[in-house]
1. State, in angstrom, two size descriptors of the stretch 1-60 derived from its alpha carbons: Rg to one decimal place and Dmax to the nearest whole number.
2. Give me the Kirkwood hydrodynamic radius of the stretch 107-218 in Å, from all C-alpha pairs, to one decimal place?
3. Show me 21-28, 193-200 ranked by packing, highest mean number of other Cβ atoms within 10 Å first.
4. Over the stretch 109-205, what relative contact order in percent results from Cα pairs under 8 Å that are six or more residues apart?
5. Between the stretch 57-71 and the stretch 110-159, how many Å separate their Cα centres?
6. Might you report the magnitude of the Cβ-based charge dipole of the stretch 172-218 about its Cα centre, with Lys and Arg at +1 and Asp and Glu at -1, to the nearest 20 debye?
7. So how compact is the chain: Cα radius of gyration and Dmax in angstrom?
8. On a 0 to 90° scale, report how tilted helix 101-112 is relative to the longest principal axis of the chain, with both axes built from alpha carbons and the result rounded to the nearest 10.
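The values are calculated or read from the model by the stated rules, or taken from the named source; none is laboratory data. Keep in mind the model is a prediction, meaning the values are calculated, not measured. Here Cβ is always computed from backbone atoms with ideal geometry, including for glycine, and neighbour counts include all displayed protein chains. Side chains are part of the model used for accessible areas, which takes the heavy atoms of the whole protein and leaves out ligands, DNA and RNA. Shrake-Rupley method; radii C 1.70, N 1.55, O 1.52, S 1.80 Å.
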Amino acid sequence: MEKKPFRVGLIRVLTSDDPHFVDMHGQIIMDHFPGIQVESRCIPDQWEGIHSHELELIAVPKIVELAKTFQDKDMIIVSCADDPGVAEIREALPHMSVTGGGETTVALAGKYGEKIGLLGITDYAPRAYRKLPKDRLVAVEKPEGVNSTLDLMTDEGRKNCVACARKIKDMGADVIALGCTGLTTIGIAKLLEQEVGLPVIDPVLAEGTFAFFESIRK
């Protein structure tokens, strides 16, 4: 008997009218992890995504309401490195498996190194990183000129990401965790690994890893 696909509802926190863009993270997961079927949706009126505490406060109620609209899913993923709304969805849907790009990336980073450097788009560490012992999170950096996900989608943004990764290595990191799923969107993890010689944890692949594990333990 053929096994049914493991059904994931994936929430994008950056609003877009482009279906290809909205589906991108889900497609990456499906391409890498067999047996997982992802339906992706984005929250409304969040055209710059979430790059401040103020924007997160606005976004969380939308994220929870969107999570409630998914039908017949085995798991919900909030595809954002700050895990906005993850705790609230767990409270609202207590029988649903829920995760986000932050807690999954932190967990995988710990497998690849003791000194974690965070490369993101904010001046503060996402909540999952703030739970780490202080001696393990050795750097919280964002590329020059990058203040939102949109800034990553330029040649200048990519170049500054590489420079930022080198800085993080110089600060003592032995693994780099990407603190924004927009960095998956621009596909920069492999380039950073080649340029700086450290393992780089991609948050969308981290989400997919946890979804795959959840699918085989059911």
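1. 14.0, 49
2. Details: mean 1/r = 0.0711 Å⁻¹.
Evaluated over the stretch 107-218, this radius sits at 14.1 Å.
3. Working: 21-28: 20.0, 193-200: 16.2.
Final packing ranking: 21-28, 193-200.
4. Working: 175 pairs, mean separation 31.5, N = 97.
Reported relative contact order: 32 percent.
5. 25 Å
6. Details: 3 positive and 6 negative charges, 45 e Å.
I would put it at about 220 debye.
7. When restricted to Cα atoms, the chain yields Rg and Dmax of 16.4, 53 Å.
8. The two axes meet at around 60 degrees.
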